[in-house]
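Peer 1: The structure that follows is given in the form of structure tokens.
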Amino acid sequence: MEDSLGIGTLLIERNHEMRANYRNLLAQCGINDVQPVATAAAAIRKLQERPFDLIICEYHLGEGQDGQHLLEDMRIHRLISLATVFIMVTGESSYERVVSAVELAPNDYILKPFAAEILFQRISRAFDKRDAFLKTYQLIEIGNLDAAVAGCVDGEQMFPHYAVDFLRLRAELLVALGRPEQAHAIYLLVIEARAVPWAKLGLAKTMFLQKQYSQAEEALASLVEENKQYLDAYDWLARTREASGQLQAAQRTLEEAVAFSPHTLRRLKKLGDIAIDNGDMSMAERTISEVVRKGKYSDFRDPEDHVKLVKVFVAKGDRSQAEKTIRDLDRSMQGMPKTEVCSALSSAMVFTQAGEKDKAVEALNRAVAATKDDIGLSDAVKLDLVQTCLDNDQQQAAVDMMSEVMRNASDDAALNKAKLVFEKAGFKSMAEELALRAKQEVVDLVSAGAKQAQAGDYEGSVDFMLQAVRKMPGNIQVGLNAALALLIFIDHRGWNDKFAKQARRLIDVARQGDPANPRIGAMSEYFHNMLIRYGITPGRA
């Protein structure tokens, strides 16, 4: 383990006496740079102020978030780096809670009571592994995934006791680089040598990314049968079944996973979404109510969850519970960017179901007005707004919103899902026309930006493509072309820190949305060759 004086530690424990006890134990381990906090909200604020090398977190944090939900927020919103060591501490031995926390991958999980010697051993072990991976983690976090792949190859030789872990990370990076066929070969190698479950899961992921859904489903179903508690396999099996149109089977798969681990919000949200799509409003109510309840205390709570719950109550004809949910939304999320549109849309749904058309239209007008600014509204809620507009004969507002959704569609599956809303309302030809218009608009934008660059107007090309990104933030093709325009500018005009960071961010967004996209690897290579050419240290970009 590194010099203890260099280990900045965040200690999250609600009880004052226990905080003092933990600080004493950490001091006995030689760790004195300790920032103690009592709540999840205070921990978030500390993480926004400075990074920490080590986080010691009590599972039970009193009213509000528990340690698991806090870790989930940290992972999703990237508040901690790959190099941060997170250790969960609890006296909780309940299987359901333990498995839920462990699946979020804390570096360790310690059951109370324990002595300083045990704590020191666990921290030392976690930092030994962290240090072996540190250089590779740093390359990942600056976006240099090609170099990180090479770092994994070196790590397998330098740290043979972690060789399998480096193989696993290398395969995951190859998937992220849009090279699933190379990852496929690594997973096969590990399976032949050890037949470990994560390699079988990785192999199935590469099949999924290559759209080999039937093969992926067969492999995942077999993996779940062999490993009833391997929850990531359930998630990917559900995702595969959803992609192949088996929504009922996807829901059953998620229900099985939630039965094993009922406290992971991202899975509960997904189950709620699929239950709504399947018309299973009883399951949707149970699941989304839990999401709303658990998310209430998070700094990253989302008003859209309340919209989903209102949608469920409206479908069940329970106006009282729907209105109660809207009041809770207005009270608990006042001032958040999405709250106004979510509240207005929810009210419009209630009034529509009750046949109060004038009130519904008035609420819809408020909702539509609140979408004029970019507030990060999901396509799912935008489609709910489209549907409610159609239900109230507000066709032009529906067309305008649908055009925005289609322009932002990340792929053909997202576009087809949007088209289905209009088709079900009896506007199939209009859906086809809007989809063609949206696709052509993207093609025209990309072409116009490319022509400016070809004519030597690199500044104009950048301005044009960044405007397109602001107009279509979810469109991966537009985002990648904007990144290309930024890199071409740097190539011809010299290094520009701001443009380099924008390009890297756009490539990262595309990688998250479409990891198998072959353009991503080429763009990453172009970017990092440029770093070398200009002699830029990777951390600056």
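Peer 1: Beta carbons within 10 angstrom, averaged per residue: use that to sort the peptides 45-55, 81-91, highest first.
Peer 2: 81-91, 45-55
Peer 1: Can you list residues whose amide H is under 5 Å from ILE55's amide H, if they're 5+ apart or on another chain and H is modeled 1.01 Å from N?
Peer 2: Amide H to amide H, under 5 Å and 5 or more residues apart or across chains, ILE55 pairs with LEU10, VAL85, PHE86, ILE87.
Peer 1: Can you list the HN-Hα couplings for the stretch 349-361, worked out from phi with the Karplus curve (6.51, -1.76, 1.60; θ = phi - 60°), rounded to whole Hz and with x for Gly and Pro?
Peer 2: 4, 5, 5, 4, 5, 7, x, 8, 5, 4, 5, 5, 5
Peer 1: While we're here: Short version: ³J(HN,Hα) in whole Hz for each residue of the stretch 379-384, in order, from phi by Karplus 6.51 cos²θ - 1.76 cosθ + 1.60 (θ = phi - 60°), x for Gly and Pro, what are they?
Peer 2: Karplus-based 3J(HN,Hα) across the stretch 379-384 equals 5, 4, 6, 4, 5, 4 Hz.
Peer 1: Another one. Counting other C-beta atoms within 10 Å, which of MET530, MET406 has the fewest, and how do the rest follow? Please list the in-between numbers first.
Peer 2: Numbers: MET530 17, MET406 25.
Placing the least packed residue first, the sequence is MET530, MET406.
Peer 1: Still on this model: Can you list the lysines whose alpha carbon is less than 17 Å from that of LYS316, not counting same-chain residues fewer than 8 positions off?
Peer 2: Straight-distance partners of LYS316: LYS308, LYS324.
Peer 1: Can I ask one more? Taking the Cα centre of the chain as origin, sum charge times position over the Cβ atoms of Lys and Arg (+1) and Asp and Glu (-1), and report the length of that vector in debye to the nearest 20. Please report the intermediate quantities before stating the final value.
Peer 2: On the way: 67 positive and 76 negative charges, 76 e Å.
Here the size comes out at about 360 debye.
Peer 1: Taking only the alpha carbons of the stretch 442-540, what extent do you get along each of the three principal axes, in Å, biggest first?
Peer 2: 36, 31, 20
Peer 1: From the list (i) 160; (ii) 173; (iii) 194, can you say which value of volume of the Cα convex hull per residue in Å³ was derived from the structure given?
Peer 2: Computed from the coordinates, volume of the Cα convex hull per residue in Å³ corresponds to (i).
Peer 1: Let me ask something else about it. Is there a pair in LYS311/LYS417; LYS205/LYS428; LYS228/LYS417 whose C-alpha atoms are over 24 Å apart, and which pairs would that be?
Peer 2: In this structure, LYS205/LYS428; LYS228/LYS417 exceed 24 Å between Cα atoms.
Peer 1: Could you work out the helix-only [θ] at 222 nm for the chain, with each DSSP H run of four or more residues adding -39,500 (n - 2.57) and the total divided by the number of residues, to the nearest 500 deg cm²/dmol?
Peer 2: Roughly -23000 deg cm²/dmol at 222 nm, from the helical runs in the chain.
Peer 1: Out of the stretch 212-297, which trypsin sites (Lys or Arg not before Pro) are coil in DSSP terms and have no more than 12 other C-beta atoms within 10 Å?
Peer 2: Those satisfying the criteria are LYS228.
Peer 1: Right, something else. Work out how far the C-alpha atoms of the stretch 1-142 reach from end to end along every principal axis, then list the three figures in whole Å, largest first.
Peer 2: 38, 33, 30
Peer 1: Using Cα centres only, tell me the gap between the stretch 44-64 and the stretch 294-344 in whole Å.
Peer 2: Rounded to whole Å, the Cα centres lie 27 Å apart.
Each reported figure results from applying straightforward, stated rules to the coordinates on display, with no laboratory input. Model, not experiment: these values are computed from the prediction. Cβ coordinates were reconstructed from backbone atoms using ideal geometry, including for glycine residues, and neighbour counts include every protein chain displayed.
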